[in-house]
Amino acid sequence: MKRKYIKITKISIFIIVMLLAIGMVFPTWTPRIEGDNSISSLKQIEINGTDHEVMIRGVDRRNPIIIFVHGGPGCSEIPYVRKYQDLLEKNFTIVHYDQRGSGKSYHFFEDYSTLSADLLVDDLLALTDYVEMEFGQEKVLLIGHSFGTYIGMKAVAKAPDKFVAYVGIGQVADHRKSELDSLNYSIKQAKLAGNLKDAERLEQLRGAIEKGEQLTPRNMVRKYGGAARLIDDNWDYYTGFLFNPEYNLLDVIRYLNGVSLSQEILLEEESKNNITSIVDKVDIPVYFVMGQYDYMTSVKAAKEYFEVLEAPKKEFVIFEKSAHYPQFEEEELFAEWLKKTWSQIKF
């Protein structure tokens, strides 16, 4: 009986090891979109000396192009974003990419000692040139999300001629003001929920947050509804990693390494260099899109930035049922808004 048990255990371990090995090297792709002019591409493209993973999807490659800049830092949206963009794919060609050192653009043994926001901006501008040449279009719509808005704002300020307009979803603003808003919200909600220990722990962080040395703990912001209301963003990642074909197990390891690398370097840079003092004027239309309950990047801080930002046209848009992910939490409304907004842009 004991020998049989040992044999079964060995076989089980062997099967598990083989499955993990297969999962590590399993080929990745993005599902095909039906149509003669459709595009559904997932591949590595060399940009400024290093390979970047780029996913491009759309029903008609002649449609206007959108480049999405993911947040985090380091948090690629390629593993799960198809779940929320089928409506957008009908009217736009959608480009997602993993930033340098993030997700599938993280390369083991590559030197990332020079990683910076400015380097990511240069990568984005080079990707824009590639996309415009590939599709024969002169300009694209740039959409940043969360930390991606830090990169996006710097990009449109540096090269406005490349873009039709800019949309900042969960727009970053004054770092300390935003974090204090997040802290005060989380403390208030903790008290309302009767979780006084949470409130006390958060209050102890006030000094460090006021100095810009620490973020309001994201698990607390999430716990009290300041990250997502209508979706479970963490669960989207888990299911995307496990079941979607764009990432395999080796890519998950790349992703985790990239998050650790990027956040250590780039969050410190953002906290010491407020976007509000770096970019106070852009020469293209600007749209700040915020979920009403967003306390990952506070609505109040974003609105204050919006008020002083100079642009030929600007709009501040609130999605009333969502938090940090209005493009996902209210995907139909967002798709409708974006289609209407595009039709009104003159270029």
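Every number here is computed from the coordinates shown, using simple stated rules; none is lab data. Values in this document were obtained by computation on a predicted structure and should not be read as measured data. Glycine also receives a Cβ, built like all others from the backbone with ideal geometry; neighbour counts cover every protein chain displayed.
Remarks
- Among (1) under 28 Å from Tyr106 (Cβ atoms); (2) buried (at least 16 other Cβ atoms within 10 Å of the Cβ); (3) of a type in the set (A, V, I, L, M, F, W, C), the one test that Ala301 misses: (1)
- Some residue of the stretch 291-298 being in a strand (DSSP E or B) and either among the hydrophobic types (A, V, I, L, M, F, W, C) or touching a residue at least 40 places away in the same chain (Cβ under 8 Å) (or both): yes
- On the stretch given as the stretch 49-64, residues that are within 21 Å of the chain's Cα centre (by Cα) and either outside any strand (DSSP E or B) or among the aliphatic types (A, V, I, L, M) (or both) total 4.
- Per the listing Tyr287, Tyr295, the residue uniquely under 30 Å from Lys139 (Cα atoms), surrounded by 14 or more Cβ atoms within 10 Å (Cβ to Cβ) and either touching a Leu at 6+ places or on another chain (Cβ under 9 Å) or aromatic (Phe, Trp, Tyr) (or both) is Tyr287.
- Residue match in the stretch 313-322 (condition: among the basic types (Lys, Arg) and more than 25 Å from Arg82 (Cα to Cα)): yes
- Annotation: Asp174 fulfils all but one of (1) acidic (Asp, Glu); (2) surrounded by fewer than 19 Cβ atoms within 10 Å (Cβ to Cβ); (3) under 26 Å from the mean Cα position of the chain (by Cα); the unmet one is (2).
- Phe319 in contact (Cβ under 8 Å) with a residue 40 or more places away in the chain, surrounded by 17 or more Cβ atoms within 10 Å (Cβ to Cβ) and among the aromatic types (Phe, Trp, Tyr): no
- Highlighted here are the helices (runs of 4 or more DSSP H) found entirely within the stretch 117-234 that include at least 3 residues which are under 18 Å from Gly74 (Cβ atoms): 117-135, 147-158, 218-223.
- Residue among Ser322, Ser343, Ser277, Ser260 that alone is under 29 Å from Pro79 (Cβ atoms) and assigned to a helix (DSSP H, G or I): Ser260
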